[in-house]
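Student: Have a look at the structure that comes next, please.
Any read-out appearing in this document is the output of simple, stated calculations on the displayed coordinates, not a laboratory observation. Keep in mind that this is a model prediction, so the values were computed, not measured. Note: ideal-geometry Cβ built from the backbone for every residue, glycine included; neighbour counts use all protein chains shown.
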Amino acid sequence: MQPNRELLKDKLEAYEDKVKSLDSYLTELRTMCTKHDTPNEACASEWGEATHNLFYYKGEVARIKQELGTKSRLASMIPGIGTAVGARTLLPETRNQGIGVVVLSSISFVVGAILGSVLTSAKSKD
């Protein structure tokens, strides 16, 4: 079982690097889209893809840390996430797991609408 643990540690390190890279990318994307008045459609697709990837890699980091027996920073910051034994998701445990998807979709829509509004207002100020 030791080689499997080493493999998980390697994946954990790689995924944590990807999380840091994606955080930096999202910050830079937001800055550049605002600075260069990029159309909302172009920024929104890039933003959505990067956000999705970031969410995925944060989930994988939490899952691997749980498998390794260490508590992830994400799980410790948000109550109810990643606390179930054998949990393979970042969603809080609910009776109907589909509800979490609806909530996350709604949140993503609102974030996209706010981002679009901010980019539009920044463009109209110039």
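Student: Within the set of pairs 6+ apart or on separate chains, which have a first residue in the range 106-117 that is within 13 Å of residue 47 (Cβ to Cβ), a second that is assigned to a helix (DSSP H, G or I) and of a type outside the set (A, V, I, L, M), and C-beta atoms under 6 Å apart?
Tutor: Matching pairs, first to second residue: 116/40.
Student: Could you list, ordered by first residue, the pairs with Cβ atoms under 8 Å in which the first is in the range 29-57 and in contact (Cβ under 8 Å) with a residue 24 or more places away in the chain and of a type in the set (Val, Ile, Thr) and the second is part of a helix (DSSP H, G or I) and exposed (fewer than 13 other Cβ atoms within 10 Å of the Cβ), at least 6 apart or interchain?
Tutor: 38/32
Student: Are any residues in the range 22-71 under 25 Å from residue 11 (Cα atoms) and not in a helix (DSSP H, G or I), and if so, which ones?
Tutor: Hits for the range 22-71 are 69, 70, 71.
Student: For the structure I just gave you, tell me whether residue 27 is surrounded by fewer than 16 Cβ atoms within 10 Å (Cβ to Cβ), more than 15 Å from the chain's Cα centre (by Cα) and hydroxyl-bearing (Ser, Thr, Tyr).
Tutor: Criteria not met by residue 27.
Student: Right, another one. Looking only at the range 2-59, which residues are touching a helix residue (DSSP H, G or I) at 6+ places or on another chain (Cβ under 8 Å) and over 18 Å from residue 112 (Cα atoms)?
Tutor: Within the range 2-59, 5, 8, 9, 11, 12, 15, 16, 18, 19, 57, 58 meet the criteria.
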